[in-house]
Amino acid sequence: MLPKYEQVKRELLALVAQGSHTPDRPFITQRGVCERYGVSTTTAIRALNDLVADGVLVRQQGRGTFVAERTAGPEPVRRRAVALVIHGQGPVKEGIIAGVESRCEELGFELVLYDSKGSLELQERALQRAVDSGVGGIALYPVEGSSAVLRELELPVVLIDRYQPDVPTDAVLADQYAVGYELTAYLIGLGHRRMAALWGEVDATSVRDRLSGHQQALRAHNLPIRPDLTALTTHQFLTPDARKARLAALLEQAEPPTVLLCSDGFIVTTAARDLAHLGYEVPGDIELAGMDDAGPASILPLTLAAASLPVHEMGRTAVDLLADPAPPRNVVLPITLHTRKSTYLRVVHS
């Protein structure tokens, strides 16, 4: 007996052969396939993806799935593949890759991985290489800056963890506003009234959303927003001497911060090392908190609290969005706040 997805695929092929769906009208959606044939989402996605891979259907970014135009000559060869363009290291990158890989395997997709190494130029090359290789869709964890290639892509694209406001693509995001707000509110609850933010990347929507959440939490607790403590300037990419000089200037003020909000685990570990070199004890003279747990190792022993992003789920959701083309959607997933007291707070924002 044929697998269920193959049975559905043959039924859909029959509809195309009958001419009941023309290239100028959207084809049956994933939900429509589920309702019409009484099958699961996974079965519907696999049947539709097979027809896309066979060149029977085509996907148009922001419009949906259509019957392919028939032309003379042999049918084009299409690969059942998803490209993931990503950069960075540590648990965030590893979790996203693992999520994308596991969902691709379940849906029968090949995964093609490109490392942009944090470079916009390398990211642009990787995007073009993915297109040229004939993949069916691209999942992109963007670097800082605006991508010109992204604006020109016609195949399905989903952005992970951050988005490009001028390009209407699907995006799967962690609740970055909640990262800034809930972490700040927790620290205020412990008695901290002055906190300085240490940023890595600064030209990304995830970073700006975190800053917005942090500032709103300060306002909600009637605390001043000090530009010298909240300035959106990089700390991670300063020279070692410049980093130490900046920390020394912050901590030698008449009213210095009592906690440093570090944008990720790499800055947590770097700040701890630089503070020790300056003669400060952590904890003791100053506390650290992490806006996410990306880093070379677990950062919780060094921090009062650290946010954890649902990276595995983000990767899986990205593949689901690629497999079900529709008008651009933003999916926002909750974050988890880990504290030194081993309390786990799952934060959900609508």
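If you scale each eigenvalue of the Cα gyration tensor by 5 and take the root, what three semi-axes come out for the stretch 4-67, rounded to whole angstrom and sorted largest first?
So the three semi-axes of the stretch 4-67 are 17, 13, 11 Å.
Take the Cβ-Cβ distance between Arg219 and Val332 as r, set R0 to 25 Å, and report the resulting FRET efficiency rounded to the nearest 0.05.
0.70
With each run of n ≥ 4 DSSP H residues scored as -39500 (n - 2.57), what mean residue ellipticity at 222 nm is computed for the chain after dividing by its residue count and rounding to the nearest 500 deg cm²/dmol?
After summing the helix terms and dividing by residue count, I get -13000 deg cm²/dmol.
Let me check I've understood the local charge: for Thr239, count other residues with C-beta under 15 angstrom from its C-beta, Lys and Arg +1, Asp and Glu -1. What total comes out?
Summing Lys/Arg as +1 and Asp/Glu as -1 gives +2.
Where nothing but the Cβ of Lys and Arg (+1) and of Asp and Glu (-1) is charged, how large is the charge dipole of the stretch 4-67 around its Cα centre, in debye to the nearest 20?
Its charge dipole is roughly 140 debye.
Report the extension gain between Glu106 and Val16 in nm, rounded to one decimal, defined as 0.36 nm multiplied by the number of residues separating them, less their alpha carbon distance.
Extra length from Glu106 to Val16 when fully extended: 29.8 nm.
At Lys93 and Glu69, where each label point lies 7 Å from the Cα along Cα→Cβ, what is the point-to-point distance in nanometres?
Output for this residue pair reads 4.1 nm.
Which value, in Å to one decimal place, does the Kirkwood hydrodynamic radius take for the chain when every pair of different Cα atoms is included?
Final number for the Kirkwood radius of the chain is 22.0 Å.
Can you pull the one-decimal nm distance between simple spin-label points at Ala276 and Val149, each 7 Å off the Cα toward Cβ?
4.0 nm
Roughly what angle does helix 176-189 make with the longest principal axis of the chain, taking Cα atoms, 0 to 90 degrees, to the nearest 10?
Relative to the chain, helix 176-189 is tipped by roughly 30 degrees.
Calculate, in nm to one decimal, what Leu122 and Phe237 gain on full extension: separation in residues at 0.36 nm each, minus their alpha carbon distance.
Full extension of this stretch gives 39.5 nm more.
What order do you get for Ser20, Ser116, Ser102 when you list them from fewest to most C-beta neighbours inside 10 Å?
Sorted ascending by nearby Cβ count, the order is Ser20, Ser102, Ser116.
For the stretch 94-145, evaluate the Debye formula with one uniform point scatterer on each Cα (no solvent term) and list log10 I(q)/I(0) at q = 0.21, 0.25 Å⁻¹, rounded to two decimals.
Here log10 of I(q) over I(0) equals -0.82, -1.05.
In nm, what is the difference between 0.36 nm times the number of residues separating Leu113 and Ser133 and their Cα-Cα distance?
Result for the pair: 6.0 nm of gain on full extension.
If you find the alpha carbon centre of the stretch 98-139 and of the stretch 242-262, how far apart are they in angstrom?
Centre-to-centre distance over Cα atoms comes out at 40 Å.
Count the net charge of all other residues whose Cβ sits under 12 Å from the Cβ of Leu218, scoring Lys and Arg as +1 and Asp and Glu as -1.
Net charge in that neighbourhood comes out at +4.
Near Tyr37, within a Cβ-to-Cβ distance under 15 Å, what is the net charge of the other residues, with Lys and Arg +1 and Asp and Glu -1?
Once positives and negatives cancel, what remains is +2.
Taking every DSSP beta bridge with both residues inside the chain, roughly what % is antiparallel (nearest 5)?
30 percent
Kindly state, to the nearest 0.05, the FRET efficiency for Arg193 paired with Asp54, given R0 = 51 Å and r defined as their beta-carbon distance.
For Arg193 and Asp54, the calculated efficiency is 0.25.
In Å and from the alpha-carbon atoms only, list the Rg and Dmax of the stretch 189-331.
Reported Rg and Dmax, both Å: 16.9, 56.
Any read-out appearing in this document is the output of simple, stated calculations on the displayed coordinates, not a laboratory observation. Because the structure is a prediction, the values reported are computed rather than measured. Note that each Cβ is placed from the backbone with ideal geometry, even for glycine, and that neighbours are counted across all protein chains shown.
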